[in-house]
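Here is the structure we will look at, set down as structure tokens.
The values are calculated or read from the model by the stated rules, or taken from the named source; none is laboratory data. Remember, predicted model here, so these are calculated numbers, not experimental data. Here the Cβ is made from the backbone with ideal geometry for all residues, glycine too, and neighbour counts use every protein chain on show.
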Amino acid sequence: MSNLEQGQLSTRDYILHLLKTKGAMSTKELTDELGITVMAVRRHIQSLERDKLIDSKMVRQSMGRPTAVYCLTEHVEDFFPRKYHILTLELLDELEEHFGASAVEQLFEGRKDKLLKKYDASMQGKDLAERVSMLADIQNENGYMVELEKINDEQYLLKEHNCPIEQVATKYQHACRCELKLFESLLGDAEVTRTDCLAKGGQRCTYSIKKKKK
């Protein structure tokens, strides 16, 4: 990493980059690399351990006592960029080129049907409030950063501040249509309307959910 790139990172972030690029390192090695005091390095290490981003293990030395080295945990995965969407788009483009747009749409429909099968049983016997709450939990677990606002007992706003498939949905809008249909199926007796969409340049994806009139 260049000095410029290092300067653009906090010390905490730079430690993560060092462990990613160099592998496990001791406190002394980190101190030498960072050029700060041992106490400062230890404070950052304690913070990163507390957040479960790094872990320690004891390593035997050729001479002297074993020493602790630090390495990354699986919880740090989201810290480093992974451009999975590029591969996904390339594969979808290939599918569309060889089999047509309908093949891509069938793929999204199949994904929607699998998600419906996965979650529908747990929704059965629940009222609208419970279903909406469960839907928010499902979307949060899948990385959508949901904010749920209750307007009244029969109306809610479900706001998704993040879309894990935004780059894909921007090009293939059928993904968004399938999400809307999934919500309608899971919520049962509710009218679901998307009023804002990240894939169309919106600030968030917002769904208005209203109980259907009898």
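Considering the range 112-133 alone, what residues qualify as being aliphatic (A, V, I, L, M) and free of Cβ contacts under 8 Å to residues at least 40 places away in the same chain? The answer is 121, 129. Looking across 196, 137, 153, one residue alone is surrounded by fewer than 15 Cβ atoms within 10 Å (Cβ to Cβ) and either more than 29 Å from residue 77 (Cβ to Cβ) or among the basic types (Lys, Arg) (or both). It is 153. Restricting 150, 118 to those that are assigned by TED's automatic domain parsing to the domain that holds residue 179, of a type outside the set (Phe, Trp, Tyr) and touching a Phe, Trp or Tyr at 6+ places or on another chain (Cβ under 8 Å) reduces the list to 150. Of the residues making up the range 154-195, those that are touching a residue at least 40 places away in the same chain (Cβ under 8 Å) and either touching a Pro at 6+ places or on another chain (Cβ under 6 Å) or among the β-branched types (Val, Ile, Thr) (or both) are 165, 168.
What tally of residues in the range 169-182 results from selecting those that are surrounded by 19 or more Cβ atoms within 10 Å (Cβ to Cβ) and not acidic (Asp, Glu)? First the steps, then the outcome.
Going through the range 169-182, the residues surrounded by 19 or more Cβ atoms within 10 Å (Cβ to Cβ) turn out to be 169, 172, 175-176, 178-179, 182.
Those left that are additionally not acidic (Asp, Glu): 169, 172, 175-176, 178, 182.
Adding up the residues that qualify gives 6.
Restricting the search to the range 45-69, which residues are in contact (Cβ under 8 Å) with a residue 24 or more places away in the chain and either exposed (fewer than 11 other Cβ atoms within 10 Å of the Cβ) or in contact with a Phe, Trp or Tyr (Cβ under 9 Å, 6 or more places away or on another chain) (or both)?
45, 48, 53, 54, 57
Mind checking whether some residue in the range 77-93 is more than 20 Å from residue 163 (Cβ to Cβ) and surrounded by 11 or more Cβ atoms within 10 Å (Cβ to Cβ)? No, there is no match, as no residue in the range 77-93 is more than 20 Å from residue 163 (Cβ to Cβ) and surrounded by 11 or more Cβ atoms within 10 Å (Cβ to Cβ). Put simply, of 136, 101, 68, 121 the only residue that is on the phi < 0 side of the Ramachandran plot and in contact with an Asp or Glu (Cβ under 9 Å, 6 or more places away or on another chain) is 136. Between 127, 189, 120, the distinction of being exposed (fewer than 13 other Cβ atoms within 10 Å of the Cβ), farther than 24 Å from residue 84 by Cβ and in contact with a helix residue (DSSP H, G or I) (Cβ under 8 Å, 6 or more places away or on another chain) belongs to 189 only. Within the range 2-24, not a single residue is surrounded by 15 or more Cβ atoms within 10 Å (Cβ to Cβ) and among the acidic types (Asp, Glu). Here residue 9 qualifies as modelled with pLDDT under 90 and in contact with a His (Cβ under 7 Å, 6 or more places away or on another chain).
Criterion first (outside the structural domain of residue 139 (by TED's automatic domain parsing), free of Cβ contacts under 8 Å to residues at least 12 places away in the same chain and of a type in the set (Ser, Thr, Tyr)) does residue 102 satisfy it?
Numbers: outside the structural domain of residue 139 (by TED's automatic domain parsing): no; free of Cβ contacts under 8 Å to residues at least 12 places away in the same chain: yes; of a type in the set (Ser, Thr, Tyr): yes.
For residue 102, the condition - outside the structural domain of residue 139 (by TED's automatic domain parsing), free of Cβ contacts under 8 Å to residues at least 12 places away in the same chain and of a type in the set (Ser, Thr, Tyr) - is not met.
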